[in-house]
1. Residues in segment A:223-231: is at least one at pLDDT 95 or above and under 21 Å from residue A:114 (Cα atoms)?
2. Out of segment A:22-54, which residues are aromatic (Phe, Trp, Tyr), more than 11 Å from chain B (Cβ to nearest Cβ) and part of a loop (DSSP other than H, G, I, E, B)?
3. Could you pull out the residue among B:19, B:54, B:13 that is within 14 Å of chain A (Cβ to nearest Cβ) and of a type in the set (Val, Ile, Thr)?
4. Being touching a residue at least 24 places away in the same chain (Cβ under 8 Å) and more than 16 Å from residue B:11 (Cα to Cα) narrows it down to one of B:86, B:132, so name that one.
5. Within segment A:82-111, how many residues turn out to be over 16 Å from residue A:221 (Cβ atoms), within 13 Å of the chain's Cα centre (by Cα) and surrounded by fewer than 24 Cβ atoms within 10 Å (Cβ to Cβ)?
6. Exactly one condition in (1) within 14 Å of chain B (Cβ to nearest Cβ); (2) part of a loop (DSSP other than H, G, I, E, B); (3) of a type in the set (Ser, Thr, Tyr) is false for residue A:110; which is it?
7. Please find, within segment A:11-21, the residue that is surrounded by the most Cβ atoms within 10 Å (Cβ to Cβ) out of those that are more than 7 Å from every other protein chain (Cβ to nearest Cβ) and not in a loop (DSSP other than H, G, I, E, B).
8. If I filter segment A:45-59 for residues that are touching a helix residue (DSSP H, G or I) at 6+ places or on another chain (Cβ under 9 Å), in contact (Cβ under 8 Å) with a residue 12 or more places away in the chain and of a type in the set (Val, Ile, Thr), do I get at least one hit?
Amino acid sequence: MPDREFGFETLCLHAGQIPDAATGARAVPLYQTTSFVFDSAEHAASLFNLQTFGNVYTRISNPTTAVFEERMAALENGRAALGVATGQAAEAVAILTLVEQGDHIVSAGTLYGGTHTLLGVNLAKLGIATTFVDPEDPENFRRAITPRTKLVYAEALGNPSINVVDIERIAGIARDAGVPLVIDNTVPSPYLCRPFDWGADIVVHSATKYLGGHGTTMGGVIVESGRFPWNNGRFPGMTEPSPGYHGVRFYETFGDFGFTMRARMETMRTFGPALSPFNAWMLLQGMETLPLRMDRHCANALAVAEFLQGHPQVAWVNYPGLPGNRHHDLARKYLPRGASGLLSFGIRGGARAGEAFIEAATFMSHLANIGDAKTLVIHPASTTHRQMSEAEQVRAGVSPDMVRMSIGLETLDDILWDIDNSLRLAAKA
Amino acid sequence: MRVFAATPMADDIASLRRILATSKTIAVVGLSADWFRPSYFAAKYLQEHGYRIIPVNPRYDAILGERCYKSLRDIPEPVDVVDVFRRAEDVGPIADEAIAIGAKVLWQQLGVKNEAAARKAETAGLESVMDRCMKIEHARILGGLGWAGVNTRVISAKRPKFIAN
């Protein structure tokens with residue numbers, strides 16, 4: 001009998017965990033331990049040689065973290081996943097597994113500020129160059145690819161410009177060049193968009209956002225599709241004996257999860273940004289209700305976008321779920337269940353009115369996160385993107401009058417009330 | 001509801017679980033004595049998990065404490081699974097030998113895909129697995145691979161009956 005392909009909601013609750021063998025515990029047990037005993041010297045050697053699958057040290061793997069990892073691999077319809085400490089760590093570990101000094105990255109310019117800095121400043125210091133391109137025309141990626149390019153990078157739903165990238169076309173361009181497409185799928189979450197279904201090869205997340213969903217927990221994850229041909233000649237680190245792991249050839253030995261194993265054993269093991277088991281456990285509590293929350297985030301955000309569109313204090317609204325939005329067609333293709341809880345708008349009165357709006361809010365929280373159960377507001381030009389020059393801000397889609405909102409799960413009428421009230425107060429400022 | 005398309009290969013969880021649960025003796029064709037080679041990884045793991053490993057490789061006398069044979073036909077005892085670590089183009093004659101010695105399963109390892117050899121084995125009444133690692137599938141279905149964050153596709157509310165390591 002062919003295996004049943006279980007639905008997304010079932011995977012959110014069950015993937016990666018069967019009841020605990022020792023106790024029968026139904027909930028995921030929290031293995032809050034740094035280390036695991038060896039049965040014998042031979043067992044220890046077997047584990048270190050990767051000949052026996054098992055746990056050694058929580059910096060490398062942990063049974064609670066493993067549930068989070070497998071569940072994420074299942075939700076993204078991927079082959080394997082690696083949990084890490086934060087979303088930034090997910091990007092850094094994924095990229096550092098693929099590149100070395102002298103290599104090159106092509107990235108969409110529409111990025112979270114921290115990612116822009118990682119690529120444009122920190123990796124540049126290591127001799128890894130990034131060309132930032134405007135993703136509006138996917139051919140821009142093709143034009144920027146060089147013989148040293150090792151990956152193409154983009155956010156599925158750009159933050160904070162809230163642009164939808166054409167994943168399928170960019171994936172085709174990356175495939176033509178023989179390099180993987182890495183997609184940051186943080187804002188849609190796998191419930192709204194599954195980049196592997198459109199040809200992406202690696203997905204990274206800040207699990208801190210919708211996956212955890214409650215603003216309590218830092219975490220990140222890297223997922224691989226299992227479909228990239230690492231033996232195409234461009235990735236000797238995947239096919240040649242590993243100097244960092246006593247001669248193992250990762251692609252030959254682990255096949256379609258060789259990238260995840262290499263990221264785990266070569267990059268995370270040595271650089272060290274492991275996910276705490278407690279944080280993995282917290283994230284799993286959130287993920288059980290991901291579909292329910294995302295449906296409500298999307299419904300509330302669409303209602304707020306429509307409300308803002310008709311408001312006299314509002315110059316423009318950017319929400320890809322709105323008909324007439326520049327990315328509405330792409331959103332219908334890649335985000336058919338909804339365009340997330342993230343939206344931005346331009347406030348009449350510019351930067352000063354933006355700051356006044358945020359300060360006037362009653363329960364909408366002024367902070368730097370997104371994807372919380374609570375409604376969040378921020379003025380990107382003066383906070384998340386302040387390290388950028390004005391030209392870079394414009395390229396990242398940040399204007400002085402822009403207010404970004406992450407619409408939460410409060411009573412919709414209360415959210416509309418707080419927005420309307422704050423806009424009125426801002427107009428008087 | 002979407003279900004995977006039925007395939008002629010044994011590639012679903014129930015079939016692989018049956019093969020792994022009922023097989024005892026595994027002839028590993030192309031087994032290397034080098035500890036860092038994938039074939040050694042897999043054979044050592046399977047031996048540690050209760051299977052009888054019979055190495056088949058003309059280059060060695062013994063591997064993993066077991067006598068090594070030049071070919072499948074030289075093995076003087078029944079074989080359940082012929083596990084092939086050879087290039088795809090070499091699998092045809094190995095399939096013939098597997099049929100001749102009465103093996104029950106022709107298992108082509110991860111990266112080894114010889115469709116004609118698989119069909120030949122199936123026609124002769126053997127089960128056929130292709131492009132899969134026996135160690136990885138054992139760990140995926142009977143516990144252990146979850147350690148590595150691999151999507152095992154196992155969904156169950158029963159306690160695992162077998163724990164790796």
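The values are calculated or read from the model by the stated rules, or taken from the named source; none is laboratory data. Model, not experiment: these values are computed from the prediction. Cβ coordinates were reconstructed from backbone atoms using ideal geometry, including for glycine residues, and neighbour counts include every protein chain displayed.
1. yes
2. Step one: list which residues in segment A:22-54 are aromatic (Phe, Trp, Tyr), which gives A:31, A:36, A:38, A:48, A:53.
Imposing the further condition that a residue be more than 11 Å from chain B (Cβ to nearest Cβ) reduces the set to A:31, A:48.
Answer for segment A:22-54, where residues must be aromatic (Phe, Trp, Tyr), more than 11 Å from chain B (Cβ to nearest Cβ) and part of a loop (DSSP other than H, G, I, E, B): just A:31.
3. Values: B:19 fails: within 14 Å of chain A (Cβ to nearest Cβ); B:54 fails: within 14 Å of chain A (Cβ to nearest Cβ).
B:13 is the lone residue from the list that is within 14 Å of chain A (Cβ to nearest Cβ) and of a type in the set (Val, Ile, Thr).
4. On the way: B:132 fails: more than 16 Å from residue B:11 (Cα to Cα).
Criteria check complete, one pass: B:86.
5. 0
6. Looking at each condition in turn, residue A:110 falls short on (1).
7. The selected residue is A:11.
8. yes
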